[in-house]
């Protein structure tokens, strides 16, 4: 059983997801080929078998167009083939394998950074969102930059204006609605695990609605697109966006997408969410703060 949303990070980190033991009564050079039927490319590796038992880990890369379609559970097999260098077959096996939908997040401490896989700044839909947001800049409270420039030649207030513009674009151009659903995550100190289906930002834009975690990841995608540093703040059952307004990450401002249902502008949402963040800090009700830079440093890249 594999959480497929995590699989790209397994490939990036060459995690020992599939490990095979091998040996031979006499030394021989073999070629081991591994693939997930219907989902991955074939990954081959040359091994030198001897009388000693050795092991090798092989994790085949996904075929992106097949992975994109993986929105339900997928029962398939891990195809393993071993030949010698002249293609003589020594071993063949198909091992049953269950892959969960790429929407499925397993919330537990060890997976906390993997939420970064749902933040997709390079998606064309996010590029279109940022282009539309640029048109809202002039409508934001001054000072505002002339373009969506991220931190480049922008002071902290101009950074805030850019995030406000992104937020207002969701509200005005996309008519995004907030769907109430709890985030089932108890924090890094908990041993509890729970699952939740989370759609990708482009899918959220397409359906014009999303849960708090989906809208937070959508905002984070647009923020990362323009080079800003984002974090996901988790409180009991809820998530909202934090953005560093200086490139040294010393000061963050906050936006809660729940406000879209009341048609509250980005600048007002920022003020309200800043107050909510401080209140949660004072009450010690922050469950976790997940820095997206930590996820990227751990080779957790956008899943698509």
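Residues in segment 86-94: is at least one at pLDDT 95 or above, part of a helix (DSSP H, G or I) and farther than 23 Å from residue 194 by Cα?
No, there is no match, as no residue in segment 86-94 is at pLDDT 95 or above, part of a helix (DSSP H, G or I) and farther than 23 Å from residue 194 by Cα.
Just a yes or no: is a residue in segment 249-260 over 17 Å from residue 167 (Cα atoms), out of contact with any helix residue (DSSP H, G or I) (no Cβ under 7 Å at 6 or more places or on another chain) and in a strand (DSSP E or B)?
Scanning segment 249-260, I find no residue that is over 17 Å from residue 167 (Cα atoms), out of contact with any helix residue (DSSP H, G or I) (no Cβ under 7 Å at 6 or more places or on another chain) and in a strand (DSSP E or B), so the answer is no.
When only residues in segment 286-304 that are part of a helix (DSSP H, G or I) and in contact with a helix residue (DSSP H, G or I) (Cβ under 7 Å, 6 or more places away or on another chain) count, which is surrounded by the most Cβ atoms within 10 Å (Cβ to Cβ)?
Filtering segment 286-304 for residues that are part of a helix (DSSP H, G or I) and in contact with a helix residue (DSSP H, G or I) (Cβ under 7 Å, 6 or more places away or on another chain), the one surrounded by the most Cβ atoms within 10 Å (Cβ to Cβ) comes out as 292.
For segment 248-257, enumerate the residues that are more than 19 Å from residue 133 (Cα to Cα) and surrounded by 22 or more Cβ atoms within 10 Å (Cβ to Cβ). If you could, list the steps in order and put the result at the bottom.
So in segment 248-257, the residues more than 19 Å from residue 133 (Cα to Cα) come out as 248-252.
Once the filter is applied, which keeps residues that are more than 19 Å from residue 133 (Cα to Cα) and surrounded by 22 or more Cβ atoms within 10 Å (Cβ to Cβ), segment 248-257 yields nothing.
Can you tell me how many residues within segment 261-285 are out of contact with any helix residue (DSSP H, G or I) (no Cβ under 8 Å at 6 or more places or on another chain) and assigned to a helix (DSSP H, G or I)?
Counting residues in segment 261-285 that are out of contact with any helix residue (DSSP H, G or I) (no Cβ under 8 Å at 6 or more places or on another chain) and assigned to a helix (DSSP H, G or I) gives 12.
The values are calculated or read from the model by the stated rules, or taken from the named source; none is laboratory data. Since we're looking at a predicted model, the values are computed, not measured. Ideal geometry is used to build each Cβ from the backbone, glycine not excepted, and the neighbour counts take in all protein chains shown.
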